[in-house]
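These notes are about the structure you will find just below.
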Amino acid sequence: MNPPLSKQRRAYCRKLCVAHLIAREPHDLRALEAATGMPRRTLQDCIADLADIGIACEFVQQGPRHRHGHYAICDWGDHDPRWVAAHFDGLLALLRAE
């Protein structure tokens, strides 16, 4: 049995999972909530903190109304998106196990 994840490790795994989902296809907050089961505020914090781990994310505005659009990953920094994709299910399982 694996020891429980530290708060920092859990936040890191959460950021990688959210970045992978955003990179895979366009997501807004509602779609990310449905895909992850995470609360809206947690997702907002996670997206805002992606830069802390070197992942550049931006909101792509679509249409004239505020908040209509989706998030996009501009740069993965030092992270390998192929590694994240290959380990996504395991990362998500770690988050859901807690």
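The values are calculated or read from the model by the stated rules, or taken from the named source; none is laboratory data. Treat the numbers as computed from the prediction; the structure is a model and nothing was measured. Backbone-built Cβ (ideal geometry, glycine too); neighbour counts: all protein chains shown. Each accessible area value is taken on the protein alone, full model and side chains, heavy atoms only, with ligands, DNA and RNA left out. Shrake-Rupley method; radii C 1.70, N 1.55, O 1.52, S 1.80 Å.
The rows are residues; the columns are (1) in a helix (DSSP H, G or I); (2) of a type in the set (A, V, I, L, M); (3) at positive phi.
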| residue | (1), (2), (3) |
| --- | --- |
| 5 | no, yes, no |
| 9 | yes, no, no |
| 14 | yes, no, no |
| 18 | yes, yes, no |
| 33 | yes, no, no |
| 38 | no, yes, no |
| 43 | yes, yes, no |
| 46 | yes, no, no |
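Name the pairs: first residue in region 68-89 and in contact (Cβ under 8 Å) with a residue 12 or more places away in the chain, second residue open to solvent by 80 Å² or more (accessible area, probe 1.4 Å) and of a type in the set (Asp, Glu), Cβ to Cβ under 7 Å, at least 6 apart or on different chains?
72/58; 74/58
So how many residues does region 69-98 have that are open to solvent by less than 50 Å² (accessible area, probe 1.4 Å) and in a loop (DSSP other than H, G, I, E, B)?
Residues that pass the stated criteria total 3.
Quick one: how many residues across region 27-45 are surrounded by 14 or more Cβ atoms within 10 Å (Cβ to Cβ) and not hydroxyl-bearing (Ser, Thr, Tyr)? Write out each step before concluding.
Looking only at region 27-45, we keep the residues that are surrounded by 14 or more Cβ atoms within 10 Å (Cβ to Cβ), and these are 27-29, 31-33, 35-36, 38, 42-43, 45.
After this cut, where a residue has to be not hydroxyl-bearing (Ser, Thr, Tyr) as well, the list is 27-29, 31-33, 35, 38, 43, 45.
Looking only at that region, the number is 10.
Can you pull out every residue in region 20-31 that is in contact with a Lys or Arg (Cβ under 9 Å, 6 or more places away or on another chain) and part of a helix (DSSP H, G or I)?
If the condition is that a residue be in contact with a Lys or Arg (Cβ under 9 Å, 6 or more places away or on another chain) and part of a helix (DSSP H, G or I), then 29, 30 are the ones that fit.
So for region 53-60 (the condition being surrounded by 10 or more Cβ atoms within 10 Å (Cβ to Cβ) and part of a helix (DSSP H, G or I)), does at least one residue qualify?
yes
Kindly provide the set of residues from region 1-26 that are of a type outside the set (Ser, Thr, Tyr), under 20 Å from residue 86 (Cβ atoms) and surrounded by 15 or more Cβ atoms within 10 Å (Cβ to Cβ), ordered by number.
Across region 1-26, the qualifying residues are 5, 13, 14, 15, 16, 17, 18, 19, 20, 21, 22, 23.
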